[in-house]
2 protein chains.
Amino acid sequence: MEIVCKPIGHVSSSRRELRDDDWDRESSTIALDAGVFSSDALLGLEDFSHVEILFHFDRVPTDAITTAARHPRGNKDWPKSGIFAQRGKNRPNRIGSTVARLVAVDGLTLEVRGLDAVDGTPVLDIKPYMLEFAPRGAVRQPQWATELMQGYWSS
Amino acid sequence: MEIVCKPIGHVSSSRRELRDDDWDRESSTIALDAGVFSSDALLGLEDFSHVEILFHFDRVPTDAITTAARHPRGNKDWPKSGIFAQRGKNRPNRIGSTVARLVAVDGLTLEVRGLDAVDGTPVLDIKPYMLEFAPRGAVRQPQWATELMQGYWSS
């Protein structure tokens, strides 16, 4: 069974090279295709402070996809973890998911801050972030994840 | 341009019918295909309290997909909102994204609580929820979203 998706737009980002950290400094815009989407496809989005962006890690070659475990970022100080126990990009279906700050909406274009997708990345979906979609109950995570994320947004 | 995805597994859920609210009562399991994934694909996931599940709204017929604005849940008390300014399932690419509580991991099977996907739903990705992927900065949302979500998890 296959599920066929089409990009709804592409990321234009101030980051052009693949690099891991410091994403909060990046400014990005996403323009939806006016030939596909009605001019009101983003209507009301500006009432939300944040958006969840689903995107495709298209720079990852299919033969680099992992279906097993590996050390996050190849760092042997961190425990070997299954590909679904980490958020690395070499994952089956190569889908990224990030909550970014919404800066502005203008027609079919939105501007966001802190999106960890490089310039040209295909976008699969845009969802408004609702408080009720935060985790219910206390969040627990291993120490390696906290360490890995230390400089991810800002160093 | 097309992006082809393959389900990594399917949801087995206590909810079989399409219904909007009260999702926190549902218990679900997701079994990864042992023929595709290494036995350690979920290794270490149990160290996280929550998982983000990306899934495919496969019960939505393609001709029901919206590319414009509509009243959320057809409720005219709530403002007409672009499909990307709401989280409804009749959306381009039909991808859902939810953070659920992780109950248990057993080999290639995980059990979660509060996943808003009906029985049989194809799963596209499983990511560990990390605190650092919460929104940075204060969250703001319109009143209609708060009202819509009131009974979503529990009534």
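Per-structure values
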{"item": "Test: residue in segment A:128-149 that is part of a strand (DSSP E or B), surrounded by fewer than 21 Cβ atoms within 10 Å (Cβ to Cβ) and not polar (S, T, N, Q)", "result": "no"}
{"item": "Matching residues in segment B:20-33 - criterion: being of a type in the set (A, V, I, L, M, F, W, C) and within 11 Å of chain A (Cβ to nearest Cβ)", "result": "B:W23, B:I30, B:L32"}
{"item": "Segment B:68-85, subset over 10 Å from A:L43 (Cβ atoms) and not basic (K, R), residue least open to solvent (accessible area, probe 1.4 Å)", "result": "B:P72"}
{"item": "Residue satisfying all of: in segment B:52-67; in contact (Cβ under 8 Å) with a residue 12 or more places away in the chain and out of contact with any strand residue (DSSP E or B) (no Cβ under 7 Å at 6 or more places or on another chain); nearest to the other protein chains (Cβ to nearest Cβ) among these", "result": "B:T67"}
{"item": "Residue tally, condition within 30 Å of B:M149 (Cα to Cα) and in a strand (DSSP E or B), over segment A:77-127", "result": "23"}
{"item": "Per-region count, segment B:1-19, residues within 13 Å of another protein chain (Cβ to nearest Cβ) and open to solvent by 70 Å² or more (accessible area, probe 1.4 Å)", "result": "5"}
{"item": "Checking B:I65 against (1) open to solvent by 30 Å² or more (accessible area, probe 1.4 Å); (2) more than 30 Å from A:D40 (Cα to Cα), the condition it does not meet", "result": "(2)"}
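Okay, residues lined up against (1) under 28 Å from B:W153 (Cα atoms); (2) in contact (Cβ under 8 Å) with a residue 24 or more places away in the chain:
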position: A:R101; (1), (2): yes, yes
position: A:P122; (1), (2): no, yes
position: A:P128; (1), (2): yes, yes
position: A:L131; (1), (2): yes, no
position: A:Q143; (1), (2): no, no
position: A:M149; (1), (2): no, no
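Rundown of residues vs (1) facing another protein chain (nearest Cβ under 7 Å); (2) within 15 Å of B:S97 (Cβ to Cβ); (3) in contact with a strand residue (DSSP E or B) (Cβ under 7 Å, 6 or more places away or on another chain), yes/no style:
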site: A:Q86; (1), (2), (3): yes, no, yes
site: A:I95; (1), (2), (3): yes, yes, yes
site: A:V103; (1), (2), (3): no, no, yes
site: A:G137; (1), (2), (3): yes, no, yes
site: A:T146; (1), (2), (3): no, no, no
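The values are calculated or read from the model by the stated rules, or taken from the named source; none is laboratory data. The structure displayed is predicted, hence computed values, not measured ones. Glycine also receives a Cβ, built like all others from the backbone with ideal geometry; neighbour counts cover every protein chain displayed. Accessible surface areas use protein heavy atoms only, side chains included; no ligands, DNA or RNA. Shrake-Rupley method; radii C 1.70, N 1.55, O 1.52, S 1.80 Å.
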